[in-house]
Amino acid sequence: MEYPTVPYRPRLVPEAAQLEHAVAVFDEMNARRSVRDFSDRPVPRELVETAIRCASTAPSGAHMQPWTFVLVGDPDVKHRIRIAAETEERENYEGGRIPPHWREDLAPLGTDWRKPFLETVPWIVVVFEQRYGTRPDGTKQHHYYVKESVGIACGMFVDALHRMGLSTLTHTPSPMAFLRKLLDRPESERPFILFPIGYAADNCQVPDLKRKNLDEVMVEVTASERRRER
Ligand code: IYR
């Protein structure tokens, strides 16, 4: 059965203002930073729910929307997540579970196994990928391009939070399998990324890192250049 169609009305930006508008979009996105130092100031639940609605507008393989956003505000559950995440991360950082090159690459960021922010933040959202779905009649529904779909939804979530004045961190306490049991999710779901969410602390400092320039992340391929190389 095909979806009926409806007219699509894309946002109209006057041509004369297009570039200025585009740069304003860039400036806003470029101001986002991953934060590890959060305020305990409460965040209205509706804000996080709205950000989840934003994320859930993401495109997905065959429109299966293969994601579950698990919202945690309960201090007790946050505590349990912190203890379990720190246990895993301690093994990574101090038990030698991550290879030397990884430790060296993390050193400039100053991260370690301690994750106090998991209890400071008013909310944690753990995004789960649904490896497959279940139809109303109980049969299995295939999901497609799950990692791509959930990855895009997470990116949109990060941007939505940022635009709302909130901060987050794409945290992947590794291995994350403990989250499925702890958060009571079915066997069909796998934890993907954990997002602590809150306001950045008043005195929040972030590493003064630089982003790659356009010419470092973009290449243009033209037919004439391909010919030249042959
Ligand atoms: N998951 C660990 C280690 C870590 C990995 C990367 I890649 C980072 O950018 C930062 C940390 C942790 O959360 O500490």
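The values are calculated or read from the model by the stated rules, or taken from the named source; none is laboratory data. What you see is a predicted model, and the numbers here were worked out from it, not measured in a lab. Cβ: placed from backbone, ideal geometry, glycine included. Neighbour counts: every protein chain shown.
Mind checking which residues of region 154-195 are under 12 Å from the mean Cα position of the chain (by Cα) and farther than 24 Å from residue 74 by Cβ? If the condition is that a residue be under 12 Å from the mean Cα position of the chain (by Cα) and farther than 24 Å from residue 74 by Cβ, then 155, 156, 159, 162 are the ones that fit. Scanning region 21-55 for residues that are loosely packed, with under 10 Cβ neighbours inside 10 Å and charged (D, E, K, R) gives 27, 46. Working carefully through the options 200, 153, 177, find the one that is surrounded by 16 or more Cβ atoms within 10 Å (Cβ to Cβ) and either more than 19 Å from residue 120 (Cβ to Cβ) or within 16 Å of the ligand (Cβ to nearest atom) (or both). Result: 153 is the single residue among 200, 153, 177 that is surrounded by 16 or more Cβ atoms within 10 Å (Cβ to Cβ) and either more than 19 Å from residue 120 (Cβ to Cβ) or within 16 Å of the ligand (Cβ to nearest atom) (or both). Under the condition of being within 14 Å of residue 177 (Cα to Cα) and near the ligand (Cβ under 10 Å from one of its atoms), the residues counted in region 82-100 number 4. So for region 212-223 (the condition being in contact with a Lys or Arg (Cβ under 6 Å, 6 or more places away or on another chain) and not in a helix (DSSP H, G or I)), does at least one residue qualify? Among the residues of region 212-223, not one is in contact with a Lys or Arg (Cβ under 6 Å, 6 or more places away or on another chain) and not in a helix (DSSP H, G or I), which makes the answer no. Suppose we filter region 161-174 for residues that are surrounded by fewer than 21 Cβ atoms within 10 Å (Cβ to Cβ), touching a residue at least 40 places away in the same chain (Cβ under 8 Å) and more than 16 Å from the ligand (Cβ to nearest atom); how many remain? Final tally of qualifying residues: 3. Scanning region 177-188 for residues that are closer than 19 Å to residue 89 by Cα, without any contact (Cβ under 8 Å) to a residue 40 or more places away in the chain and in a loop (DSSP other than H, G, I, E, B) gives a single hit, 177. Filtering region 101-116 for residues that are in contact with a Leu (Cβ under 6 Å, 6 or more places away or on another chain), under 25 Å from residue 202 (Cα atoms) and touching a residue at least 40 places away in the same chain (Cβ under 8 Å) leaves an empty set. Against the definition (closer than 24 Å to residue 75 by Cα and either modelled with pLDDT of 95 or more or part of a strand (DSSP E or B) (or both)), how does residue 129 come out, yes or no? Considered against the rule, which asks whether it is closer than 24 Å to residue 75 by Cα and either modelled with pLDDT of 95 or more or part of a strand (DSSP E or B) (or both), residue 129 comes out as no. Restricting attention to region 12-68, the residues that are of a type in the set (Val, Ile, Thr), touching a residue at least 60 places away in the same chain (Cβ under 8 Å) and under 17 Å from residue 162 (Cβ atoms) add up to 6. The number of residues in region 107-124 that are within 19 Å of the chain's Cα centre (by Cα) and within 14 Å of the ligand (Cβ to nearest atom) comes to 6. For region 175-194, a residue qualifies if it is touching an Asp or Glu at 6+ places or on another chain (Cβ under 6 Å) and more than 24 Å from residue 140 (Cα to Cα), but none of them does.
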